[in-house]
Amino acid sequence: MASMKAHLTRVGPMKFRAQAEGAPSILLHSPPKGETKDAPSPVQAVLLAAMGCTAADIESILRKEREDVSSIEIEAEAERAEEPPKVFTKIHLHYIVRGKDVREANVKRAIERSTETYCSVGTMLRRGGVAWSTSYEIRPPG
């Protein structure tokens, strides 16, 4: 079984620097409502991690399909429970794939493979009960 190590240090009020072994550190910040935020909250970081996970899958899969992809964007919309622990209840990811003559069937298949097989962050969220949906569009290079 693969293991992972990480370390977190408080660097200010409700502000933490976290680092996974072998990776650069990131800042997490959960200030009280109304105060300036200078980094994502831990919950926002989970959503960003899901987006990064699936984006890497999509790029890898489309590269193997020899698609000429110039960019991948994901617009996310997430809903959270109103009561603590305020977990995610729904996440919708809208993929925008840009490239020359990118085949729709390959984009659709890449999203399905990421969602169903490869994206471990998304799988953890879905197994935790999050309703997960996706949509996509293909645009010319821009």
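For the stretch 55-92, taking the residues that are β-branched (Val, Ile, Thr) and assigned to a strand (DSSP E or B), the one that is surrounded by the fewest Cβ atoms within 10 Å (Cβ to Cβ) is identified as THR89.
Residue by residue, here is whether (1) within 22 Å of ARG80 (Cα to Cα); (2) free of Cβ contacts under 8 Å to residues at least 40 places away in the same chain; (3) surrounded by 12 or more Cβ atoms within 10 Å (Cβ to Cβ) holds:
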| position | (1), (2), (3) |
| --- | --- |
| MET1 | no, yes, no |
| LYS5 | no, yes, no |
| VAL11 | no, yes, yes |
| PRO24 | no, yes, no |
| SER30 | yes, yes, yes |
| ALA39 | yes, yes, yes |
| VAL43 | yes, no, yes |
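Filter the stretch 28-47 down to residues that are assigned to a loop (DSSP other than H, G, I, E, B) and small (Gly, Ala, Ser) and give me whichever is farthest from GLY12 (Cα to Cα). The qualifying residue farthest from GLY12 (Cα to Cα) is GLY34. Of the residues screened, THR89 is one that is farther than 18 Å from THR54 by Cβ, of a type in the set (Ser, Thr, Tyr) and touching a residue at least 40 places away in the same chain (Cβ under 8 Å). For the stretch 99-108, the criterion of being polar (S, T, N, Q), over 26 Å from HIS29 (Cβ atoms), at pLDDT 95 or above and in contact with a strand residue (DSSP E or B) (Cβ under 9 Å, 6 or more places away or on another chain) is met by no residue. Which pairs have Cβ atoms under 6 Å, sit 6 or more apart or on different chains, and link a residue in the stretch 117-138 that is under 21 Å from VAL107 (Cα atoms) to one that is among the small types (Gly, Ala, Ser) and surrounded by 16 or more Cβ atoms within 10 Å (Cβ to Cβ)? The qualifying pairs are VAL121/ALA49; VAL121/ALA50; GLY122/ALA50. Filtering the stretch 93-133 down to residues that are in contact with an Asp or Glu (Cβ under 6 Å, 6 or more places away or on another chain) and assigned to a helix (DSSP H, G or I), which residue is surrounded by the most Cβ atoms within 10 Å (Cβ to Cβ)? Applying the filter and picking the extreme gives SER114. LYS90 meets the conditions (1) more than 24 Å from TRP132 (Cβ to Cβ); (2) of a type in the set (Lys, Arg); (3) within 21 Å of the chain's Cα centre (by Cα) in every case but one. The failed one is (1).
The values are calculated or read from the model by the stated rules, or taken from the named source; none is laboratory data. No experiment lies behind these values; they were computed from the predicted model shown. Please note: Cβ atoms are built from the backbone with ideal geometry, for glycine as well, and neighbour counts cover all protein chains shown.
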